[in-house]
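Below: the structure, in structure tokens.
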Amino acid sequence: MDLATFSQGTQLTPICLDDIQAQVGFTDEAKQRLREFKSQALPGDLIYHFCSDPEEWQRGMGSEGYIVVRNGQIVASHVSRMN
């Protein structure tokens, strides 16, 4: 999916890959999925934290997490919260 399409109804914040850390209470499986996500990033990729707009959460369609963007295309994602 391209970044422009994904960003509709979603708040994006550029972040550094090193700033993504497992949260307290993450299971070992969740920590492993996060490590796998981080390993997919290559030098030059853009990393974003994403969070659905409040309206999406109210509709029960919200999600939050991280994406790796390469050449305008999302190449990896990690969902950390959804409803």
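The values are calculated or read from the model by the stated rules, or taken from the named source; none is laboratory data. Treat the numbers as computed from the prediction; the structure is a model and nothing was measured. Counting neighbours? That spans all protein chains shown, and the Cβs are built from the backbone with ideal geometry, glycine included.
Can you name every residue in the range 16-45 that is modelled with pLDDT under 95 and assigned to a loop (DSSP other than H, G, I, E, B)? The answer is Cys16, Ile20, Gln21, Ala22, Gln23, Val24, Gly25, Phe26, Thr27. For the range 7-18, the condition of being crowded, with 17+ Cβ neighbours inside 10 Å and either without any contact (Cβ under 8 Å) to a residue 24 or more places away in the chain or of a type in the set (A, V, I, L, M, F, W, C) (or both) holds for none of the residues.
Residue-by-condition table, conditions (1) more than 12 Å from the chain's Cα centre (by Cα); (2) crowded, with 18+ Cβ neighbours inside 10 Å; (3) not polar (S, T, N, Q):
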{"site": "Ile47", "(1), (2), (3)": "no, yes, yes"}
{"site": "Glu56", "(1), (2), (3)": "yes, no, yes"}
{"site": "Arg59", "(1), (2), (3)": "yes, no, yes"}
{"site": "Arg70", "(1), (2), (3)": "yes, no, yes"}
{"site": "Met82", "(1), (2), (3)": "no, no, yes"}
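For the range 1-15, the tally of residues that are closer than 18 Å to Glu55 by Cβ, under 11 Å from the mean Cα position of the chain (by Cα) and assigned to a loop (DSSP other than H, G, I, E, B) stands at 0.
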